[in-house]
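A.B. asks: This is the structure I want to talk about, given as structure tokens.
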Amino acid sequence: MARFTSRPASVNDASEPAPAPLSVATDLTVRVNGAEATVESTGERLLLQFRSLPDALRAVRGQPAGGATSLTALLHTTDLTVEARVRDRIVAVAGADARPGLVSRMLEVDPVEVRVGGVLGAVGAEAAAAVAALSRLLS
Amino acid sequence: MADASTPEERIDETTTWPELAIGLYDRLTGRGAEISYQFEEMEVHVPSGTGEDAEHAEWRLDGTVHITTRERE
């Protein structure tokens, strides 16, 4: 039986260089259970842009069991970061640049970093959009 | 048990995503190579688990992904 001589990077050890740093360029649309996200890239950072928080949550629910852990291991190995945005607000970060804190542990999404400010901003933006849509309907 | 010594052997033996990435890196690096994937409304039903009663999420991909390697810092 063959085995690997290279080992995956430790998720918790940011001091060691990634064993397989990759650069990714995308022009991609992903739909998970009908929730659509565009995927753009700056090379080392993948930007997932969702239209709404419910869309983002639907996509999260479409992940396989252990998906976040596998994704995080892959991102650390490749020195890549995934940034999830809703209405241009960063709501979550996974991978090399993620810094999960207390909120992530409370929500049991560690090692994914949750940006509370971004979530609140997205909620506010959605509420404002709903009010604007309602105003247009009533006018 | 023998160690895999070539990228070809390693990529055949991948069992995890990090291992796959390392195999991909070994193939691409030092050659200025790029690997491109083009998806045209590709549909994948991703199981939530391994049991018979696992639910399946519908994933659809449309667009392109280009992967190159970077220098280890």
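The values are calculated or read from the model by the stated rules, or taken from the named source; none is laboratory data. Just so it is clear, the structure is predicted and the values come from calculations on it, not from any experiment. FYI the Cβ positions are ideal-geometry reconstructions off the backbone, even for glycines, and counts take in every protein chain you see.
A.B. asks: What residue, of A:Arg45, A:Arg51, A:Arg61, is modelled with pLDDT of 95 or more, in contact with a strand residue (DSSP E or B) (Cβ under 8 Å, 6 or more places away or on another chain) and of a type in the set (Lys, Arg)? Lay out the reasoning, then the answer.
C.D. replies: Details: A:Arg51 fails: modelled with pLDDT of 95 or more; A:Arg61 fails: modelled with pLDDT of 95 or more.
Going through A:Arg45, A:Arg51, A:Arg61 in turn, the sole match is A:Arg45.
A.B. asks: In the range B:51-69, what count of residues is obtained for those that are among the polar types (S, T, N, Q) and within 12 Å of A:Val39 (Cβ to Cβ)?
C.D. replies: Here is the first cut: in the range B:51-69, the ones among the polar types (S, T, N, Q) are B:64, B:68-69.
After this cut, where a residue has to be within 12 Å of A:Val39 (Cβ to Cβ) as well, the list is B:64.
So the count comes out to 1.
A.B. asks: Looking at A:Ala56, A:Ala35 in this structure, which one is in contact with a strand residue (DSSP E or B) (Cβ under 8 Å, 6 or more places away or on another chain) and within 12 Å of chain B (Cβ to nearest Cβ)?
C.D. replies: Working: A:Ala56 fails: within 12 Å of chain B (Cβ to nearest Cβ).
Exactly one residue qualifies, and that residue is A:Ala35.
A.B. asks: What pairs come out if I take residues in the range B:62-73 that are farther than 17 Å from A:Leu47 by Cα and at the interface with chain A (Cβ under 7 Å from one of its Cβ atoms) and pair them with residues that are outside any strand (DSSP E or B) and of a type in the set (S, T, N, Q) whose C-beta lies under 6 Å away, six or more apart or interchain?
C.D. replies: Hits for this filter: B:Thr69/B:Thr29.
A.B. asks: Return the residue satisfying two criteria in turn: it lies in the range B:25-73 and is in contact with a Phe, Trp or Tyr (Cβ under 7 Å, 6 or more places away or on another chain) and aliphatic (A, V, I, L, M), and of such residues it is surrounded by the most Cβ atoms within 10 Å (Cβ to Cβ).
C.D. replies: Going through the qualifying residues, I end up with B:Leu61.
A.B. asks: What single numbered condition from (1) within 24 Å of B:Glu19 (Cα to Cα); (2) at pLDDT 90 or above fails to hold for A:Val114?
C.D. replies: (1)
A.B. asks: Mind listing whichever residues of the range A:1-42 are in contact with an Asp or Glu (Cβ under 8 Å, 6 or more places away or on another chain), modelled with pLDDT under 90 and of a type in the set (Lys, Arg)?
C.D. replies: A:Arg3
A.B. asks: Can you list residue pairs whose Cβ atoms sit under 6 Å apart, with the first residue in the range A:106-123 being within 13 Å of A:Arg87 (Cα to Cα) and the second being modelled with pLDDT of 90 or more and assigned to a loop (DSSP other than H, G, I, E, B)? Count only pairs 6 or more apart in sequence or on different chains.
C.D. replies: Within 6 Å, the pairs are A:Ala122/A:Arg87.
A.B. asks: Exactly one of these conditions fails for A:Ser70: (1) assigned to a helix (DSSP H, G or I); (2) crowded, with 17+ Cβ neighbours inside 10 Å; (3) within 14 Å of another protein chain (Cβ to nearest Cβ). Give me its number.
C.D. replies: Against the list (1) assigned to a helix (DSSP H, G or I); (2) crowded, with 17+ Cβ neighbours inside 10 Å; (3) within 14 Å of another protein chain (Cβ to nearest Cβ), A:Ser70 comes up short only on (2).
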